[in-house]
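Scroll down for the structure; my scribbles are underneath it.
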Amino acid sequence: MAEVLEYNEDVLIKEQGYDDHFHDHHHGDKFRSGFISHYIFSMDHKIIAKQFLITGMIWAIIGAAMSIVFRMQLGFPEDSMTWIKPLLGKWIVVENGIGTLAPEFYYALVTMHGTILVFFVLTAGLSGTFSNLLIPLQLGARDMASPFMNMLSYWFFFMAGIVMFYSLFISTGPFAGGWTAYPPLSALPQASQGSGAGMTLWLVSLTLFVVSVLLGGINYITTVLNLRTKGMSLWRMPLTIWAFFVTAILGLLSFPVLVSGFLMLMCDRGLGTSFFLSEIFVNGEALPNVGGSPILYQHLFWFLGHPEVYIIILPAMGLVSEVLSVHARKPIFGYKAMVYSILAIGFLSFIVWAHHMFMSGVNPMISNFFVVFTLIIAVPSAVKVFNWITTLYGGNIRLNTPMLFAIGFVSMFISGGLTGIFLGNSAIDIQMHDTYFVVAHFHIVMGVAAFFGMFAGIYHWFPKMYGRFMNETLGKIHFWFTIVGAYAIFWPMHYIGMAGVPRRYYSFDSFDAFNDFALMNKFITIAAIIVFAVQILFVINFFYSIWYGKKMKTKNPWGATTLEWTTDIKPGHGNWEGNLPTVHRWAYDYGKDGHDFIPQYVPAQEGEKDVH
Amino acid sequence: MTFLVVKGLVVWNEVMADVGIDEEVIEIEATGYQFAWDIRYPGPDNRLGEKDYTLIQLGINPLGQNWEDPQNHDDFIADQIYLPVGRKVRVRITAKDVLHNFYLPHFRVKMDAVPGLPSYFVFTPTVTTEDFRARLRDNANWQGLSDPEDPESLQKWEAFDYELACAELCGKGHYSMRKIVKIVSEDEYNAWLEQQNSYYMSQIRNTDNDPLKGQFLESDIKVNEKKFFEEFDNAMSSADTDDIVLPLRNINFETGSANLTNNSQYELNNLVTALTKYKDVSIELNGHTDNVGDSGVNQQLSESRASTVLNYLIDRGVSSSRLSSRGYGDRMPLETNDTEEGRMKNKRIEFKIFKKQTI
Ligand code: HEM
Ligand SMILES: [Cu+2]
Ligand SMILES: [Cu+2]
């Protein structure tokens, strides 16, 4: 058993740390003046992180509940839905005592589910939470570069949520044209009820959301570049920070393109322009618009949309890298290769967008390039997978809940990455495009994997956030039901998809080719309900543990090397009393020279080799 | 991995290649709209006529075909996709309102239908519907009644059909855009083609929706011309030495006047051509009317109409010495004047051929 290196933390930080004259400024306790400014309009990155997390959790419950309703429709199309009429009102049409979900609302639910999960949960809830929590703490910074902008970032997200939530209740219903919102459907209220006021609110909401992402992103980038403590060179940053950093850059470069697409769409909707409209006859009337191209929107959307999926997965990758290394008690394998992979993925993610458009009517010649670039992404992805597995190999593994979820992430990422390689081959995509195969692919590789990364992060850093631990038993139940359940939900979808069953179908009855999978659909729905119930268990565990969880007695319960574990159990504003820790080594000195771990603030020992 | 990429791209480019210019293909057109497909066939000329979305009128001109384009006149809209086995097919894919996707799950065919930007997909069906059913006969999954409620219904494998679906979210009825696809032998295909009626001819021709109402189509002109010369040539070659009277069926006048309608020029020109060919004949033009109105007026009208035609021929260079004209008023009806139809037949111009110098 490796022993812990002898060092005195107090001496190293409080006395030899970096004095940034934090307490020389006497402008009052700007982070903790009262309830409102402490918990609501807080500028403390730690509180903002919790705000993002809890808001994200609320949205996750709403979004997942929607999926249960539409899964009921797919799994049990014959059963009455009258029981949910009190909630859904006119969208459940009751005839002869049997309630049916209105097709419009089915599509509204699918659309909202996608939008909410992709943007509000897996972008804001994941990256918003952990970038905020960890960037200053792991870099040894007092807070973000601009705490005020950081606060605005949350409140713009909050407003986006309010607007979207409101759109659920208007009489024409929320937007119902798919989370990708392709025009002309999204541009023409005549074509679909949801494309009226619902779509207007959708656009407003997501535009507010982008403002939030940009305010956050600028802050993350600036903080990483400027506020690292003494000794924290870029190459000493933990992989979490690298991931958040590149994520923020991707967001900054791609979200504005989405907004420009949205603005053009708004003009088409309200001002009579024809960016995306041409030669349309709808609802008995020929529209005057000519010369636009609906495909242009798809380019703009996916130019964001593909980086967006990496905006979702990179933070999860960062969290998982960290958790794997800490709980395997081994340095991450191939740290530099990991960083270069993140950079390569970030770069490549900008030149593969048209793999979502192989069958959209673009010139098939163009697809050749996108096939090649898309499949090249598999290389850095594979490097990462290889390194995670090698990190685990021969490790002194603690199979606690965060570790389980981190390993689950790797499993999901492999499964989903493999199906990505199928889809990236345009010849195969002819058959797979817009089928359940795609649904299975992206739920596994992005949906479930990102959730696993998030769960690993929550279980791992919960003590840092609340000074208590989450319940391990409930955590393990949560993990095992979720991983088995997630595969039970999405594995069969690959078969259904390969058989050619299209996604976004309200009912399969009218087609002989698609209606043969009733049993599988039932199975999937039941699995989804179970997994949903288990997530509720997680939520209970989360809130219960905030107040009643096992108390944290030492500062560094996991024996981690990174700086966040040198702050007080409940760190106050500015994170460190007195001096900031200075950094003398990288973040992955586990099991080095017979020591279990050597924190980053410990200077090189006499005779120590390979100090990174 | 490299192999996968290269092989994948080779296949992709083969599958997505458009047809060559002179390649023999069947081109059909699929138009998606909320919430169905319209399938248009090019008809005997093998060409799909022009479309313009502003011409679309529900129930009258569902695809916005431009009827002034003769290529549209033989196009027909089919309620199923019928295709012969083993022939290359190019589907022109379009949409009227929002995005749709032309999806044939059994054929691995999928392509978005985009308003304003036609796309295409080329494929070759290789197994007929019949053969495919036969293959399913021994498959355990395809036994049992196709409609469990109806004990008389076909077995599942007997009821199998290829299907067309939509694979791009297009609104609340997206899941219901089904059409049946039948792959048949070349003979069955041709027999089926025979039964189809051109949309224009069956629904539009000479209705108020026809911009060419009352005008001759090129095809009409050809038919009339052929008929005219057949009759004329027959008359000339017949051994009969009596003078022969032939009708000028497609010469019309404005009501109550001797002004020729525009359409009349074709028949008149045919007559000029005939007279140029048979230099030795002379003709007498005869005018007739129905019995409506005063018979003195009718007499005058018939005379002036006959001489209008005569003058036209002279203008075109036929020597006046070969021409004469005469009006008969309402004295020589062909049929009863009691019906509208009869009266139409009785108003007419004829000509009598004098084969003076037959050798
Ligand atoms: C080896 C890597 C990957 C490849 C080659 C790949 C390829 C593809 C392709 C070609 C499609 C389009 C399928 C279609 O619509 O027909 C697709 C869809 C998708 N992929 Fe991936 N993918 C990979 C990894 C990922 C990752 C890591 C994520 C997210 C973290 C992701 C998220 C998605 C999403 C969200 C969609 C569907 C979007 C929609 O249509 O709604 N993929 N992928
Ligand atoms: Cu993508
Ligand atoms: Cu559709």
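Report, in deg cm²/dmol and to the nearest 500, the calculated mean residue ellipticity at 222 nm for chain B, where each DSSP H run with n ≥ 4 adds -39500 (n - 2.57) and the sum is divided by the residue count.
-8500 deg cm²/dmol
If you roll a 1.4 angstrom probe over the protein chains with everything in place, what fraction of the accessible area of chain B belongs to carbon and sulfur, to the nearest %?
Exposed carbon and sulfur together represent 48 percent of the surface.
Across peptide A:496-507, how many C-beta atoms of other chains are within 10 Å of each residue C-beta, on average?
Counting other chains' Cβ atoms within 10 Å and averaging over A:496-507 gives 4.
B:Asp52: accessible area at probe 1.4 Å, nearest 10 Å²?
The value for B:Asp52 is about 60 Å².
Among all the aspartates and glutamates, which ones have a C-alpha under 20 Å from B:Lys7's C-alpha, if same-chain residues fewer than 8 places away are not counted?
Here the aspartates and glutamates satisfying the reach criterion relative to B:Lys7 are A:Asp429, B:Asp18.
Run the numbers on chain B and let me know its relative contact order in percent, using alpha-carbon pairs under 8 Å that are six or more apart. The partial results should precede the final answer.
Working: 664 pairs, mean separation 47.4, N = 359.
Relative CO of chain B lands at 13 percent.
What is the distance in Å between the Cα centroid of the stretch A:364-408 and that of the stretch A:516-588?
22 Å
Nearest 500 deg cm²/dmol is fine: what mean residue ellipticity at 222 nm does chain A get from its DSSP H runs of n ≥ 4 alone, each adding -39,500 (n - 2.57), divided by its residue count?
For chain A, the value works out to -19000 deg cm²/dmol.
Would you be so kind as to identify which of A:Met151, A:Gly420, A:Phe255 lies farthest towards the positive end of the dipole of chain A, taking Lys and Arg as +1 and Asp and Glu as -1 on Cβ and the Cα centre as origin?
Checking the options against the dipole of chain A, the answer is A:Met151.
Angle check, please: helix A:45-75 long axis (alpha carbons) against the longest principal axis of chain A (alpha carbons), in degrees 0 to 90, nearest 10.
It works out to around 30 degrees.
If Lys and Arg each add +1 and Asp and Glu each add -1, what is the summed charge of the other residues whose beta carbon sits under 9 Å from the beta carbon of B:Ala159?
Values: positive: B:Arg133, B:Lys156; negative: A:Asp512, B:Asp147, B:Glu158, B:Asp161.
Around B:Ala159, the surrounding residues sum to -2.
Loop-only GluC sites (Glu not before Pro) in the stretch B:230-293, please: DSSP not H, G, I, E or B, and at most 12 other Cβ atoms within 10 Å.
Details: sites: B:Glu230, B:Glu231, B:Glu254, B:Glu267, B:Glu284; in loops: B:Glu254.
The qualifying sites are B:Glu254.
Leaving ligands, DNA and RNA out of it, rank B:Thr207, A:Thr229 by accessible area with a 1.4 Å probe, largest first. All intermediate terms of the calculation are to be shown ahead of the outcome.
Details: B:Thr207 45, A:Thr229 10 Å².
Of B:Thr207, A:Thr229, the descending order of accessible area is B:Thr207, A:Thr229.
What length, rounded to one decimal in nm, is gained on full extension from A:Met159 through to A:Gln16, with 0.36 nm per residue of separation minus their alpha-carbon distance?
Going from the current span to full extension adds 47.0 nm.
How large is the dipole of the stretch B:17-204 about the Cα centre if only Lys and Arg carry +1 and Asp and Glu carry -1, each at its Cβ, rounded to the nearest 20 debye?
Details: 18 positive and 32 negative charges, 133 e Å.
For this selection, approximately 640 debye.
Helix A:364-392 sits at what angle to the longest principal axis of chain A, using alpha carbons and giving 0 to 90 degrees rounded to 10?
40 degrees
By accessible area of protein heavy atoms, probe 1.4 Å, what ranking do B:Met344, A:Met359 get, highest first? Don't skip to the answer; put the middle values down first.
Values: B:Met344 110, A:Met359 0 Å².
Result, largest first: B:Met344, A:Met359.
Not counting ligands, DNA or RNA, and with a 1.4 Å probe, what is A:His584's accessible surface area in Å² rounded to the nearest 10?
60 Å²
Students often get this wrong, so check it: of B:Lys222/B:Lys345; A:Lys50/A:Lys230; B:Lys213/B:Lys355; B:Lys213/B:Lys347; B:Lys88/B:Lys227, which have C-alpha atoms separated by over 29 Å?
Details: B:Lys222/B:Lys345 22 Å; A:Lys50/A:Lys230 27 Å; B:Lys213/B:Lys355 38 Å; B:Lys213/B:Lys347 21 Å; B:Lys88/B:Lys227 38 Å.
Pairs exceeding 29 Å: B:Lys213/B:Lys355; B:Lys88/B:Lys227.
Using a 1.4 angstrom probe on the protein heavy atoms only, line up B:Cys170, A:Cys267 by accessible area, largest first.
So the residues, ranked largest to smallest area, are A:Cys267, B:Cys170.
Loop sites only, by DSSP: take the trypsin sites (Lys or Arg not before Pro) in chain B that have at most 10 other C-beta atoms within 10 Å and name the longest stretch containing none of them.
B:1-278
So how exposed is A:Phe347, as accessible area in Å² (1.4 Å probe, rounded to 10)?
Near enough 140 Å² of accessible area.
To the nearest 0.05, how large is the calculated FRET efficiency for B:Val297 and B:Asp243 if R₀ is 30 Å and r is the Cβ-Cβ distance?
0.55
Relative contact order, percent, of the stretch B:17-204 when contacts are C-alpha pairs under 8 Å separated by at least 6 residues?
25 percent
Among the lysines, which have Cα under 16 Å from the Cα of B:Lys51 when same-chain residues fewer than 8 positions away are ignored?
Here the lysines satisfying the reach criterion relative to B:Lys51 are B:Lys96.
Any idea what angle helix A:449-466 forms with the longest principal axis of chain A, computed on alpha-carbon atoms, 0 to 90 degrees, nearest 10?
In chain A, helix A:449-466 runs at an angle near 40 degrees to the longest axis.
Packing-wise, with mean Cβ within 10 Å as the measure, how do A:594-604, A:448-458 rank, highest first?
A:448-458, A:594-604
Taking only protein heavy atoms into account and a 1.4 Å probe, give the accessible area per residue of the stretch B:16-133 in Å². List each step's numbers first, then the result.
Working: 4410 Å² over 118 residues.
I get 37 Å² per residue for this part.
Which Cα, out of B:Leu48, A:Tyr106, A:Pro364, lies furthest along the positive dipole direction of the protein assembly as shown (beta carbon charges, K/R +1, D/E -1)?
A:Tyr106
For the stretch A:240-313 and the stretch B:287-359, write down the distance between their C-alpha centroids in whole Å.
So the separation of the two Cα centres works out to 72 Å.
Residues with amide H under 5 Å of B:Phe253's amide H, sequence separation 5 or more or different chain, H placed in the peptide plane at 1.01 Å from N; which?
Here B:Thr261 satisfy the definition.
Averaging sequence separations of C-alpha pairs under 8 Å and six or more residues apart, then dividing by the length of chain A, give the relative contact order as a whole percent. Walk me through the numbers on the way to the answer.
On the way: 1017 pairs, mean separation 113.3, N = 612.
Once normalised by length, the contact order is 19 percent.
With a 1.4 Å probe and all protein chains left in place, how much of the accessible area of chain A comes from carbon and sulfur atoms, in whole percent? Walk me through the numbers before you get to the answer.
On the way: 14960 of 21960 Å².
Whole-percent figure for carbon plus sulfur exposure: 68.
Indicate the residues belonging to the stretch A:66-112 that lose 10 Å² or more of solvent-accessible heavy-atom surface (probe 1.4 Å) upon moving from the chain alone to the assembly of all protein chains, ignoring ligands and nucleic acids.
A:Pro103, A:Glu104, A:Tyr107
Probe radius 1.4 Å, ligands and nucleic acids left out: can you give me the accessible area buried at the B-A interface, summed over both chains, in Å² to the nearest hundred?
Buried surface at the B/A interface: approximately 4500 Å².
On average, how many beta carbons from a partner chain sit within 10 Å of the beta carbon of a residue in B:104-113?
5
Using r as the Cβ-Cβ distance of A:Tyr487 and A:Leu263, and R0 as 35 Å, what FRET efficiency do you calculate, to the nearest 0.05?
After rounding, the FRET efficiency stands at 0.30.
Let me spell out the model: positive unit charges on the Cβ of Lys and Arg, negative unit charges on the Cβ of Asp and Glu, origin at the Cα centre of chain B. What dipole size does that give, in debye rounded to 20?
Details: 39 positive and 58 negative charges, 146 e Å.
Approximately 700 debye in magnitude.
Give me a single rounded figure for A:274-286: the average over its residues of other chain Cβ atoms within 10 Å of their Cβ. Don't jump to the answer; show the numbers that get you there.
On the way: counts 1, 0, 2, 2, 5, 14, 7, 14, 6, 3, 3, 2, 8.
So the per-residue partner count for this stretch is 5.
With +1 on the Cβ of every Lys and Arg and -1 on the Cβ of every Asp and Glu, and nothing else charged, how large is the dipole of the stretch A:53-165 about its Cα centre, in debye rounded to the nearest 20?
260 debye
Just in the stretch B:114-172: which GluC sites (Glu not before Pro) are loop by DSSP and have at most 11 other Cβ atoms within 10 Å?
B:Glu149, B:Glu152
Just to check I understand the Karplus step: with θ = phi - 60° and J = 6.51 cos²θ - 1.76 cosθ + 1.60, what whole-Hz values come out for the stretch A:328-336, glycine and proline as x?
9, 6, 9, x, 4, 6, x, 3, 5
Among B:Gly86, B:Leu285, B:Trp67, flag the residue with its Cα farthest along the positive direction of the charge dipole of the protein assembly as shown, charges on Cβ as +1 for Lys/Arg and -1 for Asp/Glu.
The residue sitting farthest along the positive end of the dipole is B:Gly86.
The values are calculated or read from the model by the stated rules, or taken from the named source; none is laboratory data. Everything quoted here is computed from the prediction, not taken from an experiment. All Cβ positions, even for glycine, are placed from backbone atoms using ideal geometry, and neighbour counts span all protein chains on display. With ligands, DNA and RNA removed, areas are computed over all heavy atoms of the protein, side chains included. Shrake-Rupley method; radii C 1.70, N 1.55, O 1.52, S 1.80 Å.
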